[in-house]
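No lab work stands behind these numbers, since they all come straight from the coordinates. As the structure is a computational prediction, the values presented were derived from the model and not from experiment. Note: ideal-geometry Cβ built from the backbone for every residue, glycine included; neighbour counts use all protein chains shown.
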Number of protein chains: 2
Amino acid sequence: MHTRTVFFVSDGTGITAETFGNAILAQFEFKPRHVRLPFIDSVDKAHQVVRQVNHTAEVEGRKPVVFTTLVNVEVLQVIEEGCKAMLLDMFGTFVRPLEIELGMKSSHRVGRFADVSKSQEYHDRIEAINYSLAHDDGQSNRDLEQADVILVGVSRSGKTPTSLYLAMQHGLKAANYPLIPEDFERRQLPAALTAQRQKIFGLSILPERLCEIRNERRPNSKYASLENCRMEVAEAEAMMRREGIRWLSTTTKSIEEIATTILQEIRPERLEY
Amino acid sequence: MHTRTVFFVSDGTGITAETFGNAILAQFEFKPRHVRLPFIDSVDKAHQVVRQVNHTAEVEGRKPVVFTTLVNVEVLQVIEEGCKAMLLDMFGTFVRPLEIELGMKSSHRVGRFADVSKSQEYHDRIEAINYSLAHDDGQSNRDLEQADVILVGVSRSGKTPTSLYLAMQHGLKAANYPLIPEDFERRQLPAALTAQRQKIFGLSILPERLCEIRNERRPNSKYASLENCRMEVAEAEAMMRREGIRWLSTTTKSIEEIATTILQEIRPERLEY
């Protein structure tokens with residue numbers, strides 16, 4: 001049961017408004033209803049927002065909370081003046097002091113994304129996604145010298161989602177290679193990787209957690225058995241230690257936390273740090 | 001050449017600090033150097049940040065800008081008191097007024113991600129990524145009734161990155177199917193899709209832009225020729241009109257914008273709106 005509604009109002013996609021709002025809300029132990037209102041880019045749409053917010057306020061008998069990242073001052077004004085709500089306005093709060101410090105006017109440009117078909121950065125990001133997909137799970141050794149990061153680890157240690165996240169959010173070409181029993185027998189990394197040593201980062205995981213994850217996909221298989229998971233993780237960690245590969249345990253970590261740690265360690269040249 | 005440095009300081013991954021900071025900075029026509037400082041979760045690390053920020057201030061002869069999303073008040077205090085910089089503090093600014101409005105104390109919990117191995121939401125998100133990968137490019141008709149969204153469109157209209165984004169960011173199971181010459185000849189949607197009509201969303205694109213994108217991958221092929229791109233796009237749009245499928249043009253749109261529009265139109269049941 002929710003007791004209050006939170007609105008995220010933006011003239012763009014609303015991603016910033018939501019990230020901003022959710023980070024603030026995570027500080028409170030309550031479960032509000034979320035309403036996203038993206039693309040509010042005209043005074044007309046602003047008036048519709050006011051009606052919706054005030055209707056909610058009346059029905060619930062509580063002030064809604066409204067997070068805004070509105071750049072257009074006319075749109076913002078309609079919402080500020082009309083909404084019977086608690087308004088938390090990110091741009092109004094921070095852009096003005098920054099104008100003074102920087103000694104320049106803000107551009108009031110809406111959204112982070114202009115025409116993406118003309119953006120090299122966007123182009124590179126899509127290329128990174130394509131690259132990471134083509135190099136998922138050791139599928140291809142082609143163009144491995146182009147990789148920014150190469151993840152290694154046992155099956156289901158988190159390599160695929162992390163690779164896709166690094167590509168999607170950071171525009172990095174992220175390949176990934178499974179460490180498999182054949183590698184453990186040979187006591188060597190997959191041969192294609194030896195020339196790329198400095199880009200390699202390892203993912204490990206607690207055997208007990210790995211066993212849970214594998215059992216969801218192949219219940220009661222040897223592959224998923226705790227005994228086999230223990231063996232594979234021990235072998236993989238021994239190999240990473242032997243080869244001097246940096247690694248982390250993904251057991252309790254989100255994709256975002258894993259990716260942030262990898263970026264801190266690898267510091268790919270293409271990303272400014 | 002950058003003329004000023006911007007720091008993003010967080011006790012977690014720093015994703016919120018960066019999203020917040022980049023949205024504000026996008027309002028200004030200047031290219032600062034970016035420095036990310038995630039996982040600043042102790043007073044010791046805070047003192048290191050102060051040293052780094054003040055050193056930069058001295059070298060550059062300008063006040064750095066510091067965006068913070070620090071929850072720990074002791075850490076924040078060290079940075080507030082020590083940094084010779086312009087501090088833009090998201091939590092300090094907004095959490096206090098919200099405490100008053102909600103009549104509750106904030107929890108000062110660091111980061112959005114607790115132990116993810118215990119989170120159903122996180123589990124579902126990883127499942128969604130696996131699902132979307134397995135259902136990329138019409139690879140599989142299995143479990144199609146579980147899809148939240150099914151994207152259709154000609155090859156290279158943006159289906160794959162959009163599907164992965166919907167899975168990664170919104171936890172949606174997003175399948176995608178290419179519309180190919182065989183479908184145009186039969187004048188029918190791929191057979192597997194007819195039972196899932198209400199989940200289908202179409203992506204189209206200007207033939208000129210499609211021709212550019214395809215030429216990067218297969219230069220001077222019939223596949224990439226403007227004539228062929230014109231024919232495929234015309235056929236695909238005619239089919240979507242005939243079948244009553246909602247669609248948008250991806251030509252100038254980012255993945256984020258495409259995904260936001262799809263969510264507004266499809267309003268998947270699993271997402272609260």
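With just the Cα atoms defining each centre, how far is the range B:102-153 from the range A:170-215? Give it in Å.
Answer, in whole Å: 24.
Place +1 on the Cβ of every Lys and Arg and -1 on the Cβ of every Asp and Glu in chain A, take the dipole about the Cα centre, and give the residue among A:Gly153, A:Leu166, A:Ala224 whose Cα lies farthest towards its positive end.
It is A:Ala224, whose Cα lies furthest towards the positive end.
As a check on your reading of the symmetry: which chain A residue has its Cβ nearest the axis that brings A onto B, and how far is it in Å?
Nearest Cβ to the rotation axis, residue and whole-Å distance: A:Thr19, 2.
Could you work out the mean count of beta carbons from other protein chains within 10 Å of each residue's beta carbon in B:7-14?
Averaged over the peptide's residues, the number is 3.
Output the pairs from B:Lys31/B:Lys105; A:Lys159/B:Lys173; B:Lys222/B:Lys253 with a Cα-Cα distance over 29 Å in this structure; if there are none, say none.
Check vs 29 Å cut-off fails for B:Lys31/B:Lys105.
Out of A:Glu212, A:Glu121, A:Glu101, any idea which swings most in a Gaussian network model of chain A, alpha carbons joined below 10 Å?
In this elastic network of chain A, the residue with the biggest mean-square fluctuation among A:Glu212, A:Glu121, A:Glu101 is A:Glu101.
Placing +1 on the Cβ of each Lys and Arg and -1 on the Cβ of each Asp and Glu in the range A:116-266, which of A:Ser132, A:Ala192, A:Val233 has its Cα farthest towards the positive end of the resulting dipole?
Of the listed residues, the answer is A:Val233.
With each run of n ≥ 4 DSSP H residues scored as -39500 (n - 2.57), what mean residue ellipticity at 222 nm is computed for chain A after dividing by its residue count and rounding to the nearest 500 deg cm²/dmol?
Counting only the DSSP helices, I get -14500 deg cm²/dmol.
FRET efficiency for A:Glu208 and B:Glu81, Cβ-Cβ distance as r, R0 = 60 Å, nearest 0.05?
The calculated FRET efficiency here is 0.85.
Hey, what do the phi angles of the range A:32-38 turn into as Karplus ³J(HN,Hα) couplings, whole Hz, using 6.51/-1.76/1.60 and θ = phi - 60°, x for Gly and Pro?
x, 7, 9, 10, 9, 10, x
Would you mind ranking B:Lys63, B:Lys84 so that the residue whose beta carbon has the fewest other beta carbons within 10 Å leads the list?
Starting with the residue having the fewest Cβ neighbours, the order is B:Lys84, B:Lys63.
Quick query: amide H of B:Arg4 versus all other amide H atoms, modeled in the peptide plane; which residues come in under 5 Å with a sequence gap of 5 or more or a different chain?
Those lying under 5 Å, H to H, from B:Arg4 are B:Arg33.
Between A:Gln196 and A:Asp44, how high is the FRET efficiency from 1/(1 + (r/R0)^6) when r is the Cβ-Cβ distance and R₀ = 51 Å? Nearest 0.05. Before the final figure, lay out the partial values.
On the way: r = 55 Å, r/R0 = 1.08.
Given R0 = 51 Å and the Cβ-Cβ separation, E is 0.40.
Can you list, shortest first and in nm, the gaps between the label point of A:Asn130 and those of its counterparts in the other copies, using a point 7 Å from Cα in the C-beta direction?
Output for A:Asn130: 2.9 nm, nearest copy listed first.
Report the relative contact order of chain B, percent, no decimals, based on alpha-carbon pairs under 8 angstrom and at least 6 residues apart.
Relative contact order of chain B: 13 percent.
Considering only the label points, 7 Å along Cα→Cβ from Cα, what distances in nm to one decimal separate B:Gly61 from the same position in each other copy, shortest first?
6.5
How are the alpha carbon pair distances in the protein assembly as shown distributed across 10 Å bins from zero to the largest one, expressed in percent?
All Cα pairs, binned at 10 Å, distribute as 3, 16, 25, 27, 20, 7, 1, 0 percent.
Taking amide hydrogens as modeled 1.01 Å from N in the peptide plane, which residues meet the under 5 Å criterion relative to B:Ile40, leaving out close sequence neighbours?
B:Ser10, B:Asp11, B:Gly12
Once amide H atoms are placed 1.01 Å from N in the peptide plane, what residues at a sequence separation of 5 or more from A:Ser204, or on another chain, have their amide H within under 5 Å of its amide H?
Residues meeting the criterion, in which the H sits 1.01 Å from N, are A:Leu248, A:Ser249, A:Thr250.
Taking a ≥ b ≥ c as the square roots of the eigenvalues of the Cα gyration tensor of the range B:5-102, is the shape rounded (a/c under 1.5), prolate (a/b larger than b/c) or oblate?
Here the range B:5-102 falls in the oblate category.
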